[in-house]
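Heads up: the structure comes next, in structure tokens.
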Amino acid sequence: MAIKNAYLLDLLERTKKRNSNEPEFIQAVTEVFTSLEPVIEQRPDLVDAGVLERIVEPERQIMFRVPWIDDNGKPHVNRGYRVQFNSAIGPYKGGIRLHPSVNLGIIKFLGFEQIFKNSLTTLPMGGAKGGSDFDPKGKSDNEIMNFCQSFMTELSKYIGADCDVPAGDIGTGAREIGFMFGQYKKIRNEWVGVLTGKGIPYGGSLARTEATGFGLCYFTKEMLAANGTSFDGKTVLISGSGNVAIYACQKAQSYGAKVVAMSDSNGYIYDKNGIDLDLVKQIKEVRRGRIKEYVDVHKDAEYHEGCKGIWTIPCDIALPCATQNEIDGESAKILVKNGCKVVSEGANMPSTPEAIDTYLANGVLYGPAKAANAGGVATSGLEMCQNSMRLAWTFEEVDEKLHNIMKSIFKACDENAKKYGMPGNYMAGANIAGFIKVAEAMKAQGNV
Ligand code: NDP
Ligand code: 2IT
């Protein structure tokens, strides 16, 4: 990947200078700019309207203190973030990440990706992301509640059902969303769809829990079909064992694939007989345990320390569903050498630029994150829709809408890749399709 267009190169340099300590954000901008070269050459009006200068600068970045008390009465302080990146096509929308690695640059890369992802969903949602460097691991329910209430006490000043609607991401699931929703309602004295990923008894949507993983497989199925193949009988690796990984595994298995490995941040399991997903759910969803507990039950499965080793297992399809930059150039080369033909991304930006170059150079079918994992936020959009209408659809209705959205996202990626002279490059197609809609909206709304 190399940018040649002088205007894009100059703007990238200025963006690097202005955000010099945010490597993940620069990585995300560079990838999008690389794909946009042919658009910029055909659309000088978008350059003249200053769309690109504005799109790389968040509309608003909020950072705040989050004090909380542990079970021993000891005070702690974490840092909270909400980056409201772009509201051209709808209210700000995006998840909240709770992980010790969170910093402003991470939240900005995620918020930037979210702009284009949300645009691809066909629903009216702008881009945002939030989070904190709080580590939920090992905390009691009471400590989690204490943190979530403090976080929302400040965040509630900046969000709203028609303004900014947060949701889950790493470390934020139904439990955390419940505590945050309760606190928002108490402070604002209004019951509105201000968060998505809520529990079913209080305005959550059926199929939101499954949506990102299912959506990833719906997108991947389309990509495979367009290239004359399918999941059936394929060997699949899935990194992570959280929300996205678990439901990607469920759907891939239902399509006849054999998932042989999953992981967490400590290590990975390899089960040549195929992953026992009920056991993984029991360990991760019910007990909040570690993936290595799997081999206590399945004695012929293997556990290995370290997450990178998962990519050395021979496979047909790799579905990275853990975190950013989890597949580097070296791992990508090993995947290709071992016969991997497809990489489709459940996590956000899981492949380094060197890994992507390796996929593209070797004809690997590559489903980029902002298209392939858009099913989660798309179903969040469906949850917002149900909340506005004050009704609830069945699981089947939501799942069918999700399925159709993922089909239309693949179509947009495929068609735009062809239209701009890069057939089969779904990353370029996703970036172009996501960008054009937002750019047209920004141009039409003037220099704001
Ligand atoms: P969860 O918190 O449910 O699970 C995260 C999983 O990834 C865990 O298995 C975790 O292991 C592992 N993981 C997290 N950080 C690291 C790390 N630094 N190194 C190795 N493994 C790690 O999160 P989700 O499943 O919701 O999110 C996974 C990915 O999918 C993220 O990139 C997220 O941004 C993306 N995503 C999520 C969506 C959603 O709807 N939830 C929608 C679209 C994208 P451990 O338990 O050891 O931390
Ligand atoms: O990265 C993502 O798209 C998410 N974490 C889901 C965001 C959402 O608003 O549902």
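The values are calculated or read from the model by the stated rules, or taken from the named source; none is laboratory data. Bear in mind that the values here come from a model prediction, so they are computed numbers and not experimental data. Note: ideal-geometry Cβ built from the backbone for every residue, glycine included; neighbour counts use all protein chains shown.
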Next on the checklist: All but one of (1) in a loop (DSSP other than H, G, I, E, B); (2) under 20 Å from residue 136 (Cα atoms); (3) in contact (Cβ under 8 Å) with a residue 40 or more places away in the chain hold for residue 231; state the number of the condition that does not hold.
Outcome noted: (2)
Item to check | Residue match in region 197-219 (condition: under 30 Å from residue 364 (Cα atoms), touching a strand residue (DSSP E or B) at 6+ places or on another chain (Cβ under 7 Å), modelled with pLDDT of 95 or more and within 16 Å of ligand 1 (Cβ to nearest atom)) | outcome: yes
Checklist entry - Which of (1) out of contact with any Gly (no Cβ under 8 Å at 6 or more places or on another chain); (2) among the hydrophobic types (A, V, I, L, M, F, W, C); (3) assigned to a helix (DSSP H, G or I); (4) farther than 24 Å from residue 259 by Cα does residue 195 not meet, given it meets every other one? => result (3)
Checklist outcome for this item: Within region 257-311, residues more than 12 Å from ligand 1 (Cβ to nearest atom), without any contact (Cβ under 8 Å) to a residue 40 or more places away in the chain and touching a Cys at 6+ places or on another chain (Cβ under 9 Å) come out as 259, 275, 277
Item to check | Matching residues, region 340-364, being among the small types (Gly, Ala, Ser) and either surrounded by 18 or more Cβ atoms within 10 Å (Cβ to Cβ) or in contact with a strand residue (DSSP E or B) (Cβ under 9 Å, 6 or more places away or on another chain) (or both) | outcome: 344, 346, 347, 351, 355
Checklist outcome for this item: Here the residues within region 274-297 that are more than 17 Å from residue 346 (Cβ to Cβ) and either aromatic (Phe, Trp, Tyr) or touching a strand residue (DSSP E or B) at 6+ places or on another chain (Cβ under 8 Å) (or both) are 274, 292, 294, 295
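Please find, within region 85-118, the residue that is farthest from ligand 1 (Cβ to nearest atom) out of those that are hydrophobic (A, V, I, L, M, F, W, C) and not in a helix (DSSP H, G or I).
88
Yes/no matrix, rows are residues, columns are (1) among the charged types (D, E, K, R); (2) away from ligand 2 (no atom under 16 Å from the Cβ); (3) out of contact with any strand residue (DSSP E or B) (no Cβ under 6 Å at 6 or more places or on another chain):
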| site | (1), (2), (3) |
| --- | --- |
| 83 | no, no, no |
| 89 | no, no, yes |
| 108 | yes, no, no |
| 113 | yes, no, yes |
| 122 | no, no, yes |
| 131 | no, no, no |
| 143 | yes, yes, yes |
| 150 | no, yes, no |
Checklist entry - So is residue 407 in contact (Cβ under 8 Å) with a residue 12 or more places away in the chain and over 16 Å from residue 32 (Cβ atoms) or not? => result yes
Checklist entry - Just to be sure, is residue 172 more than 23 Å from residue 390 (Cα to Cα), touching a strand residue (DSSP E or B) at 6+ places or on another chain (Cβ under 8 Å) and within 13 Å of ligand 1 (Cβ to nearest atom)? => result yes
Checklist entry - Residue check, residue 192 against (1) β-branched (Val, Ile, Thr); (2) closer than 28 Å to residue 290 by Cα; (3) touching a Phe, Trp or Tyr at 6+ places or on another chain (Cβ under 9 Å); (4) surrounded by fewer than 18 Cβ atoms within 10 Å (Cβ to Cβ), all met but one. Which one? => result (2)
